[in-house]
Amino acid sequence: MTVIELGLVTDDGSPPPEPALRPLRHGDLRRVLVAAVAALCVLTVTGSARPEQHGPRQLWSVPFREGGDVFTVAGGTVYVLNTSGNSTLSAYGLHTGAALWSSTELGDASWVGSIESGVMLLPAADTTVQFEDEHGSDGFRQFTRETVAVDAATGRQLWRRAGEFSVATGGRVLLIEWNADGSAARTLHVIGLRDGTPVWSRPAGGVETWVARGTLTGDTDRLLTVTPEGRVAVYDLADGHPVTTGKVPWKGENPGDDSYTNVSVEGHTFYLESVDRGQGTLTAYDTETLHEKWHTDARSYGGFYPCGAVLCVNDVEGTTGYDRDTGEVRWRTPGSTNGIPLRDGRLVVADDANGSRHSLIDGATGRRVADLGHASLVWDFSSPEDTPYLLNHTREPAGLMSVTELDQRSGEAFLRGTIEPVLDYSCQNTDDVLVCVTPRGRLTVTDVG
């Protein structure tokens, strides 16, 4: 195993706290990639510099309001959504900072959700509903009632439709229209991504949970819905025709007795985690028949997810890799939790109780490739070929952040230089450019190549 030694640019010794974990619900689907990035932002690493590389150079910056503004990077463009008053969406050239366009026609759009095939999707008409749960406690339910589509190249609004977008791919987008209090889905719509024309629509039957993965063609083209009673329906996302129906054990969500159910779809496999008063099982079903493929008496404590050749489960003892076809245990890493899959079958896992120290491991075998220490990882999930970077608060010199390139295959780290401090969990990268939010209210764009 490679151990990455610390150089003159060193850790400040104050790792961030472990993020709180809870079961995934339908509202997390659109935010799963963002949550994954946040879980990774607890790494610290430095390494040897590559002499042929120049040091980090800030290219440009614009004002940015923490907690109110939103940004994303795609296709050589930085998009910034200002949500104070009437929402304003602006586009800037990634390397130049040149203002490409700005739109104030988005009304109450709240954040940038997805950019697919040159179309940007933004949730709108945010709604918060107060309710009383079965134990008499007050709760709040948040959801969006509409979706706005914008041409990413020009800023022109393409359409605005009722429904919260869930999946956008293959030239189509799935919208979920809620009932009055947001407790269940009322209607499922699939429409054209660019023109908003209807493709298919059907009543949702009061489902509370749905999952969809992959593209709208090929082998990963399924939409799966589950009612509060555990009735499952599988649809073909391309045309909406029913594939199969059935019933599965379903615990819903009862915080008082620690009972709930988590679901995920990968290809034509439906994974269901059922927890009843703290005791859990994980079962794999065939989406085409809902026949059980395998099950294991395991409860995740941080999620289950495909990670290369296996299905990873974060449990109370560590991380375990299960064979996707048989459910057999391929490897275990005791004490390692909060695993996040990278490309090439690599996996980053936490190595201590508070989630502040991490390692890079091989997802196929569980072998530890490198000790990463403490740092925050910046990685573009939408472009897995891009190089990930590690950020770390420095002591020598003090008051800066080191930028280190990580080789996912070997685990080697190469120091690129230092930048001004940025907020935790605030960076995105594309190629050798980092886009980050600073504590002084600026969005900075830096070339670290």
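The values are calculated or read from the model by the stated rules, or taken from the named source; none is laboratory data. This structure is a prediction, so every number in the text was calculated from the model and none was measured. Positions of Cβ are generated from backbone atoms using ideal geometry, with glycine treated the same way; all protein chains shown enter the neighbour counts. Heads up: the accessible areas ignore ligands, DNA and RNA and are worked out on the full protein's heavy atoms, side chains in. Shrake-Rupley method; radii C 1.70, N 1.55, O 1.52, S 1.80 Å.
Rounded, prolate or oblate: which fits the stretch 61-162 when a ≥ b ≥ c are the square roots of the eigenvalues of the alpha-carbon gyration tensor, with rounded for a/c under 1.5 and prolate only if a/b beats b/c?
It is prolate, given that a/c is not under 1.5 and a/b is the larger ratio.
Going 7 Å from the Cα of R186 in the Cα-to-Cβ direction, what parts of the stretch 123-161 have a backbone nitrogen less than 12 Å from that spot?
Within reach of a label on R186: 145-146.
Using alpha-carbon positions, what is the distance between the centroids of the stretch 320-358 and the stretch 233-306, in Å?
Measuring centre to centre over Cα atoms gives 20 Å.
Assuming R0 = 51 Å, can you tell me the calculated FRET efficiency for the pair V316 and D108, based on Cβ-Cβ distance, to the nearest 0.05?
Approximately 0.75, to the nearest 0.05.
Please sort by residue number the trypsin sites (Lys or Arg not before Pro) in the stretch 300-365 whose DSSP state is loop and whose Cβ has at most 16 other Cβ atoms within 10 Å.
Loop-located and lightly packed - R343.
So, with a 1.4 angstrom probe, what is the percent of accessible area on the stretch 309-449 that is carbon and sulfur?
Here carbon and sulfur together make up 47 percent of the probe-accessible area.
Within the set of other residues whose C-beta is less than 9 Å from the C-beta of G335, count the net charge using Lys and Arg as +1 and Asp and Glu as -1.
-3
Could you give the nm distance between label points at E328 and R395, where each point is 7 Å from its Cα heading toward the beta carbon?
It works out to 4.8 nm between the two label points.
Does the stretch 303-389 come out rounded, prolate or oblate, given a ≥ b ≥ c as the square roots of the eigenvalues of its C-alpha gyration tensor, rounded meaning a/c under 1.5 and, failing that, prolate meaning a/b above b/c?
oblate
For the pair H295/D126, report the inter-label distance in nm, with labels modelled 7 Å from Cα in the Cβ direction.
Those two pseudo-labels are separated by 4.0 nm.
Using label points projected 7 Å from each Cα along Cα→Cβ, tell me how many nm separate E66 and D407, to one decimal.
Modelled inter-label distance: 3.6 nm.
Need one word for the stretch 354-449: rounded, prolate or oblate. Basis is the Cα gyration tensor (sqrt eigenvalues a ≥ b ≥ c); a/c below 1.5 gives rounded, then a/b vs b/c decides.
Prolate shape, in that a/c is at least 1.5 and a/b is the bigger ratio.
Figure the gain on full extension for R442 and S137 (residue separation times 0.36 nm, minus the Cα-Cα span) and round it to one decimal in nm.
Extending this stretch completely gives an extra 105.8 nm.
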